[in-house]
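Everything below concerns the one structure shown next.
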Amino acid sequence: MVKKISLINTPDQNDLSNIVSLRSIRGSTYVDFVVDTGSPLTIIPFQKAKELNLPIKDLQGEENIRLLGTRHKILKFPKGLTFTFLCEDGEILSFDYSPLIAKPCKEDENWVLTELIIGTDFLREKGFKLFCDMKNNMGFLEE
């Protein structure tokens, strides 16, 4: 049976988003996510990584990138987190995945990433199809 994860189109922001539960062996948290087909990478916000009690200080930064004009260091987390999504039919879909962590280069930056960015790497690896109908303010991921 086809599983659909509803994506809420917010007309004022023109994006497709929802909430996902993230779980590690050290903790769990909820985070809004945005499906970004222009991003080749799935990136978790630094603050959410801290809420999961991930061993951030032990991670090495590979490179700096710009996210909406603010420099972030990208940290690679070697073990997977569990992503849990609620489907339209009430069923639960869970996947293990290792996203990158975006840490602001300066603590006093005006803009800090707060949403999980689900990039094309996650969609491709997990076999999701993205459907969107912006005219009717709806979209979904289909497994």
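Would you confirm whether any residue within the range 55-68 is out of contact with any Asp or Glu (no Cβ under 8 Å at 6 or more places or on another chain), more than 11 Å from K103 (Cα to Cα), surrounded by fewer than 17 Cβ atoms within 10 Å (Cβ to Cβ) and at pLDDT 75 or above? No, the range 55-68 contains no residue that is out of contact with any Asp or Glu (no Cβ under 8 Å at 6 or more places or on another chain), more than 11 Å from K103 (Cα to Cα), surrounded by fewer than 17 Cβ atoms within 10 Å (Cβ to Cβ) and at pLDDT 75 or above. Among the residues of the range 107-130, those identified as modelled with pLDDT of 70 or more, in a loop (DSSP other than H, G, I, E, B) and farther than 14 Å from L7 by Cβ are L113, T114, G119, G127. The residue pairs whose first member lies in the range 75-91 and is over 20 Å from L41 (Cβ atoms) and free of Cβ contacts under 8 Å to residues at least 40 places away in the same chain, whose second member is assigned to a loop (DSSP other than H, G, I, E, B) and charged (D, E, K, R), and whose beta carbons are closer than 7 Å, counting only pairs six or more residues apart or on different chains, do not exist in this structure. Number of residues in the range 32-46 that are touching a Ser or Thr at 6+ places or on another chain (Cβ under 8 Å) and either within 20 Å of I92 (Cα to Cα) or exposed (fewer than 15 other Cβ atoms within 10 Å of the Cβ) (or both): the value is 6. Looking across the range 111-122, just one residue is surrounded by fewer than 17 Cβ atoms within 10 Å (Cβ to Cβ) and either farther than 22 Å from R66 by Cα or among the polar types (S, T, N, Q) (or both), and that is T114. When restricted to residues that are over 27 Å from K79 (Cβ atoms) and at pLDDT 75 or above, the range 2-37 contains 4. In the range 78-105, of all residues being assigned to a loop (DSSP other than H, G, I, E, B) and within 14 Å of the chain's Cα centre (by Cα), the one that is surrounded by the most Cβ atoms within 10 Å (Cβ to Cβ) corresponds to P99.
The values are calculated or read from the model by the stated rules, or taken from the named source; none is laboratory data. This structure is a prediction, so every number in the text was calculated from the model and none was measured. Using ideal geometry, Cβ is built from the backbone for each residue, glycine included, and neighbour counts are taken over all protein chains shown.
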